[in-house]
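Since the structure comes first, as structure tokens, the remarks are kept for the end.
The values are calculated or read from the model by the stated rules, or taken from the named source; none is laboratory data. All figures in this text were calculated on a predicted structure; none of them were measured in a lab. Cβ sites come from the backbone with ideal geometry, for glycine too, and all protein chains shown count toward neighbours. To get the accessible areas, we keep the full protein, side chains included, count just its heavy atoms, and leave off ligands, DNA and RNA. Shrake-Rupley method; radii C 1.70, N 1.55, O 1.52, S 1.80 Å.
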Amino acid sequence: MEKYYKNFIEEAELFFVKKFISSPAIEKKFSFCLDIIFNISKTPGLDYSRGIIAFNPKYGQGKSFFFDVVFHRHKRLYNRNLYKKTSAKELANIFKESGEEVLLQFISVKNLFIDDIGDEGDEKIFAHFNNKMNVIRYVLLKRYEMWANKGHRT
């Protein structure tokens, strides 16, 4: 696991920050997330087929940064995206501008990263003509169905 964490730090310092400042707590959390994403330790009893919720009510804690580094490294090494990256605000705007069908096409990808859930605005119900819905709730429920039926992760 140490090798993977060192690779993560190397990627962060090559492309994102001048110096990655680590601590035992950061190493433990980031290593655990890397393990879940890539099934590194193959720990019995740990279900790697599910997604990750990285939650902290504070901004600037490194949640998006972590996923940006993982995304960038995978793209650079394997020339393909590990997941589709979007934000809750972008999903709401897609629905408002184009409707449910385009939103369904967008969220049907195998792996989806949704950043900043809760930042889509004070209003949680959005409208496309007469069709109104809580877009993030809808997306998460559809993603759950895709995970249950096809193993797609969020």
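Given +1 on the Cβ of Lys and Arg, -1 on the Cβ of Asp and Glu, and no further charges, what dipole in debye does the range 1-76 carry about its Cα centre, rounded to the nearest 20?
120 debye
Restrict the search to the range 79-109; then list the trypsin sites (Lys or Arg not before Pro) that DSSP places in a loop and that have at most 14 other Cβ atoms within 10 Å of their Cβ.
Arg80
Indicate the gyration tensor shape class of the range 32-87 (rounded, prolate or oblate), computed on the Cα atoms with a ≥ b ≥ c the square roots of the eigenvalues: a/c under 1.5 is rounded; otherwise a/b larger than b/c is prolate and the rest oblate.
The shape class here is oblate.
Could you compute how fast the range 85-154 diffuses translationally, taking Rh as the Kirkwood radius over C-alpha pairs and applying Stokes-Einstein at 37 °C with viscosity 0.692 mPa s? Give it in µm² per second.
272 µm²/s
Compute the relative contact order of the range 1-69 as a whole-number percentage, counting only Cα pairs closer than 8 Å that sit 6 or more residues apart in sequence.
Contact order relative to length: 36 percent.
For the range 1-35, run through the trypsin sites (Lys or Arg not before Pro) and keep only the ones in DSSP coil with at most 12 other Cβ atoms within 10 Å of their Cβ.
Counting only loop positions with at most 12 other Cβ atoms within 10 Å, the trypsin sites (Lys or Arg not before Pro) in the range 1-35 are Lys18, Lys19.
Can you pull the Kirkwood radius for the range 66-123, inverse mean 1/r over Cα pairs, to one decimal in Å?
Value: 12.5 Å, from the Cα pair sum.
Using the structure shown, select from Lys28/Lys142; Lys28/Lys85; Lys28/Lys58 the pairs with a Cα to Cα distance greater than 29 angstrom.
Result: Lys28/Lys142 exceed 29 Å.
Per DSSP helix of 4 or more residues, -39500 (n - 2.57); summed, then divided by the residues of the chain. What does that give at 222 nm, rounded to the nearest 500?
That calculation yields -16500 deg cm²/dmol at 222 nm.
Please report, as a whole percent, how much of the solvent-accessible surface of the range 1-69 comes from carbon and sulfur atoms (probe radius 1.4 Å).
With neighbouring chains kept in place, the figure for the range 1-69 is 61 percent.
What is the Cα convex hull volume of the chain when expressed per residue in Å³?
About 135 Å³ per residue, rounded to a whole number.
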